[in-house]
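S.K.: Provided herewith is a single structure, encoded as structure tokens, for subsequent inquiry.
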Amino acid sequence: MNSKMKIGNGTLKFEEKFEKIIDKIVTKYGTGAKVDCPKEFLGRKVYLIIRSK
């Protein structure tokens with residue numbers, strides 16, 4: 001899979017197709033943190049993008 005991501009001037013451009021964008025809040029999990037997503041995406045490659053405050 002060839003994927004490309006470009007970041008510039010506060011914009012983000014992906015050059016591949018996506019099924020869904022999920023907007024979630026990171027929650028505490030033991031001594032770390034996690035982001036939940038539906039089981040349908042188990043085993044899939046994902047991108048986690050941390051936004052500026």
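S.K.: Take the conditions touching a Cys at 6+ places or on another chain (Cβ under 7 Å) and not in a strand (DSSP E or B) and apply them to Ile22. Does it pass?
M.R.: Answer is yes for this residue.
S.K.: Looking at segment 1-19 only, could you name the residues that are assigned to a loop (DSSP other than H, G, I, E, B) and among the polar types (S, T, N, Q)? Walk me through how you get there before you give the answer.
M.R.: To start, the set of residues in segment 1-19 that are assigned to a loop (DSSP other than H, G, I, E, B) comprises 1-4, 9-10, 15-19.
Residues satisfying the conditions are Asn2, Ser3, Asn9.
S.K.: Continuing with the same structure: Out of segment 25-46, which residues are assigned to a loop (DSSP other than H, G, I, E, B), surrounded by 10 or more Cβ atoms within 10 Å (Cβ to Cβ) and not aliphatic (A, V, I, L, M)?
M.R.: Result: Asp36, Cys37.
No lab work stands behind these numbers, since they all come straight from the coordinates. Quantities reported herein were computed from a predicted structural model and do not represent experimental measurements. Quick reminder, even Gly has a Cβ in these numbers, built from the backbone with ideal geometry, and neighbours come from all protein chains shown.
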